[in-house]
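The values are calculated or read from the model by the stated rules, or taken from the named source; none is laboratory data. All of these numbers come straight from a predicted model, not from anything done at the bench. Backbone-built Cβ (ideal geometry, glycine too); neighbour counts: all protein chains shown. The accessibility values were calculated without ligands, DNA or RNA, using every heavy atom of the protein model including side chains. Shrake-Rupley method; radii C 1.70, N 1.55, O 1.52, S 1.80 Å.
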Amino acid sequence: VKVAQPGTSGVNVSEASATLYADTFPSLSLKLDTATVKGNVDGQPFSVTYSSSDSKFFFNDYLFANDQDTDEAVTRTGVVATFSGTKFPLAPEVTVVAGQARDNGAGREPFNAPTADYFGIRTAFKPLEGIALGLNYVRAEGLRYGLGADLSAKVGPVSVTGVFDTTKGWGQPVSDLFDSTLSDWAYYVKGDLSLGPLSLSA
């Protein structure tokens, strides 16, 4: 269902959709597979998406990067909500994900199917044209939690991208996240230069 001309004052829904899954064996049953609502708050876009088994989201390359998961090793029932604060300072883009993940055993029989509630919030700021800074917090209840930051910047022929993520086993102090001997770090910095027919990357 779509609204031809949604309002731009207050909370407005511009689109709503749902996908149902029908099973005919052993008896007819219907299940809500996905549902999405899109709209705006005072002209600032938002969306909320529910998935019963394949919730997808991407924070950065090493943190909450599930948008390419196609092997069905993990089932994720959850919600992904986004909001673009175009009228706020630094134009923040906020993404919140929450749900429950279940390990399907990756084809092992027999296997245990542990579950974990997960939560993550990402805020991407745009302080200047061509520059975006993302700050992330993630956790899988009882398993791990972590922090992350990522940067992309382009000025003329030069562009720079970088990621820094740190995660730690559940129950350990937050201070351990900033000690590489006590937590797991993943990071990189990549630079690109384009000058006519010449391109350099490092």
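Computed FRET efficiency, Cβ-Cβ of Tyr188 and Val74, R0 25 Å: what is it to the nearest 0.05?
In this case the efficiency is close to 0.50.
At 1.4 Å probe radius, can you tell me the per residue accessible area of the range 109-198 in Å²?
On a per-residue basis, 61 Å².
Please list 131-139, 19-27 highest first by mean number of surrounding beta-carbon atoms within 10 Å per residue.
131-139, 19-27
Step through the residues of the range 120-135 one at a time and calculate ³J(HN,Hα) from phi using the Karplus curve (6.51 cos²θ - 1.76 cosθ + 1.60, θ = phi - 60°), rounding each to whole Hz and writing x for Gly and Pro.
Result, ordered by residue: x, 9, 10, 10, 10, 9, 10, x, 9, 4, x, 10, 9, 10, x, 10 Hz.
What's the ranking of 35-42, 167-174, 88-95, 59-66 by average number of surrounding C-beta atoms within 10 Å, highest first?
59-66, 35-42, 88-95, 167-174
Amide H neighbours of Gln172 under 5 Å, counting only residues 5+ apart in sequence or on other chains, H built in-plane at 1.01 Å?
Close amide H contacts, sequence-distant or interchain: none at all.
Excluding residues on the same chain fewer than 8 positions from Lys168, give the lysines whose Cα lies under 21 Å from its Cα.
Here the lysines satisfying the reach criterion relative to Lys168 do not exist.
Between Asp67 and Ser180, what length comes free when the chain is fully extended (0.36 nm per residue of separation minus the Cα-Cα distance, one decimal in nm)?
Numbers: separation 113, 0.36 × 113 = 40.68 nm, distance 2.75 nm.
Going from the current span to full extension adds 37.9 nm.
At a 1.4 Å probe, what is the % contribution of carbon and sulfur to the accessible area of the range 136-202?
66 percent
Quick one: 3J(HN,Hα) in Hz for the range 4-17, Karplus 6.51/-1.76/1.60 with θ = phi - 60°, rounded, Gly and Pro as x.
4, 9, x, x, 10, 10, x, 9, 10, 9, 9, 7, 9, 9
Could you tell me the calculated FRET efficiency between Thr24 and Val3, based on Cβ-Cβ distance and R0 = 41 angstrom, to the nearest 0.05?
Computed FRET efficiency for Thr24 and Val3: 0.75.
Let me understand the range 5-154 better: what is its radius of gyration from the alpha carbons, and its Dmax, in angstrom?
18.1, 58
Identify all lysines with a Cα-Cα distance to Lys31 below 23 Å; exclude those on the same chain that are fewer than 8 residues away in sequence.
Correct list for Lys31: Lys2, Lys56.
If you consider only alpha-carbon coordinates, what radius of gyration and Dmax does the range 48-132 have, in Å?
Radius of gyration, then largest Cα-Cα span, for the range 48-132: 15.8, 53 Å.
Quick one: grab Rg to one decimal and Dmax as a whole number for the range 77-202, Cα atoms only, in Å.
18.6, 58
Would you list which aspartates and glutamates come within 20 Å of Lys190, measuring only between C-alpha atoms, while excluding same-chain residues fewer than 8 positions from it?
Cross-link targets: Asp61, Glu129, Asp150, Asp165.
If you roll a 1.4 Å probe over the range 8-61 with all protein chains in place, what percent of the accessible area is carbon or sulfur? Show your work: numbers first, answer last.
On the way: 1940 of 3270 Å².
Using a 1.4 Å probe with all protein chains present, the range 8-61 comes out at 59 percent carbon and sulfur.
Can you pull the one-decimal nm distance between simple spin-label points at Ala81 and Glu129, each 7 Å off the Cα toward Cβ?
3.4 nm
Starting from 0.36 nm per residue, how many nanometres of slack lie between Leu195 and Val13 once their C-alpha separation is accounted for?
Values: separation 182, 0.36 × 182 = 65.52 nm, distance 4.52 nm.
Taking Leu195 through Val13 to full extension adds about 61.0 nm, to one decimal.
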